[in-house]
Amino acid sequence: MPEGPEVEFAARLLRERAVGRTVEAVAVTRGAGRLLRPLGPAAFSRALAGARVEGVARRGKHLLVTAAIGAARLGLLSHLGMTGKWIGRAAGGAPPAHLRASLRLDDGTALDYVDPRGFGRLRIVAGARFDEVAALAALGPVALAAPIDVARLAARLARTRRSIKVALLDQRLLAGLGNIHAGEALWRARLDPRRRADRLGSPEVAALARGVTAAVRFALGRLRGPGIRYVEEGGENPFRVYGRAGAPCPRCGEAIRRIVQGGRSTFLCRRCQG
Ligand SMILES: [Zn+2]
């Protein structure tokens with residue numbers, strides 16, 4: 001599932017390829033209907049055609065594309081869902097599998113949105129008024145964009161009796177942090193994911209903030225370099241504990257365990273996360 005770093009990578013790709021360019025045509029494939037709601041494919045394509053892309057931002061797992069058609073402003077909100085990706089296509093290149101929507105730019109290249117499972121979203125935001133989108137307003141501080149405000153994180157954790165791991169996945173707490181990186185952050189912070197969020201002491205919250213930053217930086221570092229590389233399930237596993245049940249903990253050698261919290265897998269070392 002795309003997490004903060006993957007979404008950040010998609011934002012960089014869109015920024016590099018689209019800002020300053022005009023969308024000449026939009027093609028929507030069959031099966032994309034659910035992604036575009038409430039607009040239909042024709043209305044979606046009409047709305048974007050001719051738009052000049054001005055900027056791309058990321059908020060949590062959402063990509064915010066700001067564009068203009070003449071004096072009118074327009075927003076495109078993209079959420080990658082479970083399996084969504086943006087891919088650049090050279091002029092004359094073949095369309096990728098699972099293509100849902102394709103924006104042809106005025107330099108002949110295209111930006112393709114692929115999404116095998118189709119749980120993502122592509123939504124036109126009139127006037128680029130993203131602050132009026134409820135899903136965005138509900139998000140908390142961005143996990144990646146700035147250093148984590150430890151006092152604010154502590155205050156938010158203190159208000160919930162959920163386990164730390166489940167609390168960390170609440171996008172209002174720390175927007176952009178997904179399941180994999182939450183687990184990695186807890187291992188780095190040597191915190192038991194099952195502990196109640198409101199029972200953490202100040203040094204533990206500080207350690208957690210450092211763990212989140214380190215886990216996210218690690219993932220972002222891997223995403224740099226040529227080509228598009230997503231950190232995802234099924235591929236090479238670069239993580240310390242994620243997906244490593246039974247393997248030795250890289251820190252102490254104890255076998256990594258898998259547990260389920262809130263319906264999601266958590267991997268932990270019971271010795272150093274005690
Ligand atoms: Zn360990």
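The values are calculated or read from the model by the stated rules, or taken from the named source; none is laboratory data. Please read all numbers here as calculations on a predicted model, not as lab measurements. Glycine also receives a Cβ, built like all others from the backbone with ideal geometry; neighbour counts cover every protein chain displayed.
Among the residues of the range 187-212, just one is among the aliphatic types (A, V, I, L, M) and in contact with a Lys or Arg (Cβ under 6 Å, 6 or more places away or on another chain), namely A197. Is it true that R34 is of a type in the set (D, E, K, R), surrounded by fewer than 21 Cβ atoms within 10 Å (Cβ to Cβ) and under 30 Å from L173 (Cβ atoms)? For R34, the condition - of a type in the set (D, E, K, R), surrounded by fewer than 21 Cβ atoms within 10 Å (Cβ to Cβ) and under 30 Å from L173 (Cβ atoms) - is met. When L111 is tested against (1) at pLDDT below 95; (2) more than 19 Å from G40 (Cα to Cα), only condition (1) is not met. Pairs linking a residue in the range 71-87 that is on the phi > 0 side of the Ramachandran plot to a residue that is acidic (D, E), with Cβ atoms under 8 Å and 6 or more positions apart or on different chains, are G81/D115. A count restricted to the range 84-106 and to residues that are within 15 Å of A25 (Cβ to Cβ), surrounded by 14 or more Cβ atoms within 10 Å (Cβ to Cβ) and not aliphatic (A, V, I, L, M) stands at 4. For E233, work out the one condition from (1) of a type in the set (D, E, K, R); (2) modelled with pLDDT of 95 or more; (3) surrounded by fewer than 14 Cβ atoms within 10 Å (Cβ to Cβ) it doesn't fulfil. Failed condition: (2).
Might you check whether a residue that is touching a helix residue (DSSP H, G or I) at 6+ places or on another chain (Cβ under 9 Å) and assigned to a loop (DSSP other than H, G, I, E, B) occurs anywhere in the range 42-64? Scanning the range 42-64 turns up at least one residue that is touching a helix residue (DSSP H, G or I) at 6+ places or on another chain (Cβ under 9 Å) and assigned to a loop (DSSP other than H, G, I, E, B). A single entry from A151, A145 fulfils the requirement of being over 15 Å from A207 (Cβ atoms) and at pLDDT below 95: A145.
Look at the range 247-259: where a residue is within 14 Å of D192 (Cβ to Cβ) and a partner is more than 10 Å from the ligand (Cβ to nearest atom) and assigned to a loop (DSSP other than H, G, I, E, B), sitting 6+ places away or on another chain with Cβ atoms under 6 Å, you get I256/R244; I256/A245; I256/A247. Would you mind stating whether R21 is surrounded by fewer than 20 Cβ atoms within 10 Å (Cβ to Cβ), closer than 26 Å to H181 by Cβ and in contact (Cβ under 8 Å) with a residue 12 or more places away in the chain? It is false that R21 is surrounded by fewer than 20 Cβ atoms within 10 Å (Cβ to Cβ), closer than 26 Å to H181 by Cβ and in contact (Cβ under 8 Å) with a residue 12 or more places away in the chain. Need the failing condition index for G81 against (1) at pLDDT 95 or above; (2) under 18 Å from the mean Cα position of the chain (by Cα); (3) of a type in the set (G, A, S); (4) assigned to a loop (DSSP other than H, G, I, E, B), just the number. So G81 meets the others, but not (1).
If only one of S102, S163 is closer than 30 Å to A206 by Cβ and hydroxyl-bearing (S, T, Y), which one is it?
The match here is S163.
Scanning the range 123-135 for residues that are at pLDDT 75 or above and closer than 13 Å to L63 by Cα yields R123, I124, V125, A128, F130, V133. Scanning the range 171-189 for residues that are over 13 Å from the mean Cα position of the chain (by Cα) and either assigned to a loop (DSSP other than H, G, I, E, B) or free of Cβ contacts under 8 Å to residues at least 60 places away in the same chain (or both) yields R172, L173, E184, A185, R188, A189. Looking across R271, R194, R244, one residue alone is within 16 Å of the ligand (Cβ to nearest atom), modelled with pLDDT under 95 and among the basic types (K, R). It is R244.
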